[in-house]
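Working notes, beginning with the structure itself.
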Amino acid sequence: IDVLVTPVGNDLGRVANDIERALATVALPKDVTLELKGEVANMRSALSNFALALPLAVLLIYLVMVGLFRSFIDPLIILVAVPLGWIGTVLMLHFTNTSVNVESMIGTLMMMGIVVSNSILLVDFANRMVDAGASAERAVLEAGKRRIRPILMTALATILGLLPLALGFGEGNETMVPLARAVVGGLAVSTMMTLLVVPVMHGMVLSRRVHALVNNVPPPSPEEI
């Protein structure tokens, strides 16, 4: 027997959970099984695929940055901003009573790309200043001063562009609301934390790197003296 259900006034995931809780109290005869199919099965399959896609995306981003920076440490510092963005996404979805679905997971992927690009601006600029002879502290502070404007411009442009969609304005935009809220929440938190946490960690790494380079410099020869 197929029982067709069309959710009205609630999202598919919550309706499926309510149905499963109600069916759990039903005593089934022998050889009788219950199974949720249709959109519920497709949604849960997509969420399980995203559970693999998110860690894979982080790994691929790390491998690409290792080749670009020629370092195993700098990409890790950049990726520190990604969990900070996840915190903002989870808080936004929780306080707006938005479910975790395919659209919100896609928004999380979008947010990760923007957060990583903002961190790259800071780390790359500081590295270039150290290579030019600046101290670790000055390089990090100067990177924060020089790169705060493009980082804020990128974050604000994305947040303000998605804000009408996150508020649910317009007919037919209901399915895209979780995507917009995931991006807005993640960027709002990660942008502030990126400007605080990433420079601090990068400054610690740079100071050790500069100290090691200074100690490894051989003393001048008598001819050079």
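The values are calculated or read from the model by the stated rules, or taken from the named source; none is laboratory data. Nothing here was measured: the structure is a model prediction, and the numbers come from that model. Here the Cβ is made from the backbone with ideal geometry for all residues, glycine too, and neighbour counts use every protein chain on show. Just the protein is used for accessible areas: all its heavy atoms, side chains included, with ligands, DNA and RNA removed. Shrake-Rupley method; radii C 1.70, N 1.55, O 1.52, S 1.80 Å.
Sort 148, 78 from largest to smallest accessible area, using a 1.4 Å probe on the heavy atoms of the protein chains.
Sorted descending by solvent-accessible area, the residues read 148, 78.
Relative contact order for the chain using alpha-carbon pairs under 8 Å, separation at least 6, rounded to a whole percent?
26
Decide, for segment 1-103, between rounded, prolate and oblate: order the square roots of the alpha carbon gyration tensor eigenvalues as a ≥ b ≥ c, take rounded if a/c falls under 1.5, and otherwise choose prolate if a/b is larger than b/c, else oblate.
Taking the square roots of the gyration eigenvalues as a ≥ b ≥ c, segment 1-103 is prolate.
Please list, by residue number, every one of the chymotrypsin sites (Phe, Trp or Tyr not before Pro) in segment 30-95 that is coil in DSSP and has at most 16 other beta-carbon atoms within 10 Å.
72
Over segment 137-202, what is the relative contact order in percent, taking alpha-carbon pairs closer than 8 angstrom and at least six residues apart?
In percent, rounded to a whole number, it is 40.
Taking the alpha-carbon centroid of each part, what is the distance from segment 1-33 to segment 43-95 in angstrom?
Each part's Cα centre sits 34 Å from the other's.
With the Cα gyration tensor of segment 45-165 giving a ≥ b ≥ c as the square roots of its eigenvalues, does the rule (a/c under 1.5 for rounded; else a/b larger than b/c for prolate; else oblate) give rounded, prolate or oblate?
In terms of gyration-tensor shape, oblate.
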